[in-house]
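Colleague: The structure under discussion is supplied below as structure tokens; questions concerning it will follow.
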Amino acid sequence: MNWRRSTLAVLGSVPLIALFAWGLTRDPSEIVSPLPGRPAPDFTLGVFAPGEGGLMRPVGDTMALAQMRGQVVVLNFWASWCLACRDEHTDLSAAARMYAGRPVQFVGVLYNDVASAGSQWISQMGGQAYPSVLDPGARTAIDFGLYGVPETFVIDGNGQVAYKHTGPVSAALLARKIDSLLALPSTAIVAPASDNPR
Amino acid sequence: MTEGRSSFLRAWRHGSKWRLRAVLIGGLTLLAPIAATIAQSAAQDARNAAAQAPVVPKAAPGGTLTPADSLLEARTSALAAELRCPVCQGLSIQDSPSELAQQMRSVVRDQLAAGRSEREVRAYFISKYGEWILLSPRPYGFNLLAYALPAFALLAGMGFVAVKVKRWTAAPALDAPAAATATAVDDADHT
């Protein structure tokens, strides 16, 4: 009888303990995006901050993802009210300057903010090397499954999302992702870069 | 074991019926809300299916709400209540006042107005945010655990109580003086 009871207790509790142990290995705040490896949602958005030098695009010009085929696109969602965006700003501009003249396009997307606040922020931060666009109604942000800012998407030459980064991104990480995509022929179907950073 | 069972049956016959009945009634009382929830969700599904009829929502001149507008609004609210707000803690985009939730709600409304079905709009959000966006997980695969565990726990609890009741009612038969006392107590309860 005792053996039976013990066996029952073990059979009942072991799966529960195993389930809870597995639960402890997961971070509930970390939500895996289904986008990497899939075609990036298309967008056509108007420029409000032109960028600098060779990367400049006139204010009011539209930028469409469909027109950037064959280029690696770095899409960074930011806002003037976002503190973490300040941390990555220098790195993003530095990376954009580093890849100037190569088939790499950096685009900033202003998220739930107004153009004037965005422009003021850019001048406070000492400029932004690449153009930024407006996203009315956050439609593009929702298309990209945005949770918050900053979030950065790296899109390959075939228009597929290769990598998604949540939180401030570093120039070194961006360079690694971009280099891995530039090394691939643009017609190749690439696997998510998060799995093979180099 | 056989002795235990026969003593249990004796106890069943002699004055302890009310205990088992109490367990059964208790069990049914616990099951009732579950049955009600299932019935409610079935009714909701039926309403959603009824709302699938094509609608051409158009704001009437002067800003009054047409029946089509009201239907679209009801469909939007029902679907928005199923979708999780990404910037909140456990709130749906229907209940959250946050800017992103409101924008997502307007995406739901626009897609429904464009003739998309609830299933298609849900699939759109799942393709962007993953199944995390659904407040209730879809009942298949590993998700079934979330649905099965409460029922399993309820059954296990009922089983545990049944076993305990069996022990309580069986004990007097195993021990003659105690049985006499228990019968006396039972009799006293009945008077």
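Throughout, read-outs are computed from the coordinates displayed, never taken from laboratory work. Since the model is a prediction, treat every value here as computed from it, not as a measurement. Glycine also receives a Cβ, built like all others from the backbone with ideal geometry; neighbour counts cover every protein chain displayed.
Colleague: Would you mind ranking A:63, A:125 so that the residue whose beta carbon has the fewest other beta carbons within 10 Å leads the list? The partial results should precede the final answer.
Modeller: On the way: A:63 19, A:125 14.
The order, fewest Cβ neighbours first, is A:125, A:63.
Colleague: Per residue of A:137-150, count partner chain C-beta atoms within 10 Å of its C-beta, then hand back the mean as an integer. Don't skip to the answer; put the middle values down first.
Modeller: Details: counts 7, 7, 4, 0, 4, 10, 4, 2, 9, 5, 5, 3, 0, 0.
Partner Cβ neighbours, averaged per residue: 4.
Colleague: Can you run phi through the Karplus equation (6.51, -1.76, 1.60; θ = phi - 60°) for segment B:136-143 and list ³J(HN,Hα) in whole Hz, with x for Gly and Pro?
Modeller: Per residue, the Karplus-derived 3J(HN,Hα) values read 10, x, 5, x, 8, x, 4, 4 Hz.
Colleague: Can you tell me the orientation of helix A:83-98 relative to chain A, as the angle in degrees between its alpha-carbon axis and the longest Cα principal axis, to the nearest 10?
Modeller: 60
Colleague: Shifting gears a bit: Which far-off residues, 5 or more places away or on another chain, put their amide H under 5 Å from the one on residue A:109, with H placed in the peptide plane?
Modeller: Amide H neighbours of residue A:109: A:76, A:77, A:78, A:133.
Colleague: By count of other Cβ within 10 Å, fewest leading, how are A:89, A:165 ordered?
Modeller: Details: A:89 22, A:165 19.
Ordered from fewest to most neighbouring Cβ atoms within 10 Å, A:89, A:165 come out as A:165, A:89.
Colleague: As an exercise, use a Förster radius of 22 Å and the Cβ-Cβ distance of residue B:138 and residue A:27 to find the FRET efficiency, rounded to the nearest 0.05. It would help to have the intermediate numbers written out before the result.
Modeller: Working: r = 22 Å, r/R0 = 1.01.
Once rounded, the FRET efficiency stands at 0.50.
Colleague: Rounded to the nearest 10 degrees, what's the angle between the helix A:171-182 long axis and the longest principal axis of chain A, both from Cα atoms, 0 to 90?
Modeller: That works out to roughly 90 degrees.
Colleague: So, one more: Sort out for me the Cα centre separation of segment B:92-158 from segment A:112-145, rounded to whole Å.
Modeller: 30
Colleague: Still on this structure: I need A:52, B:131 ordered by Cβ neighbour count within 10 Å, fewest first.
Modeller: Numbers: A:52 16, B:131 11.
Exposure proxy ranking, most exposed first: B:131, A:52.
Colleague: Moving to a separate point now. Counting each DSSP H run of 4 or more residues in chain A as -39500 (n - 2.57), what helix-only mean residue ellipticity at 222 nm follows after dividing by all residues, to the nearest 500 deg cm²/dmol? The partial results should precede the final answer.
Modeller: Values: 5 runs with 66 residues, N = 198.
When only DSSP H runs of four or more count, the value is -10500 deg cm²/dmol.
Colleague: Okay, next question. What percentages make up the Cα-Cα pair-distance distribution of chain A when the bins are 5 Å wide from 0?
Modeller: Final binned percentages: 1, 7, 15, 18, 18, 12, 7, 4, 3, 3, 3, 3, 2, 2, 1, 0, 0.
Colleague: I've got another one for you. Helix A:2-24 sits at what angle to the longest principal axis of chain A, using alpha carbons and giving 0 to 90 degrees rounded to 10?
Modeller: In chain A, helix A:2-24 runs at an angle near 10 degrees to the longest axis.
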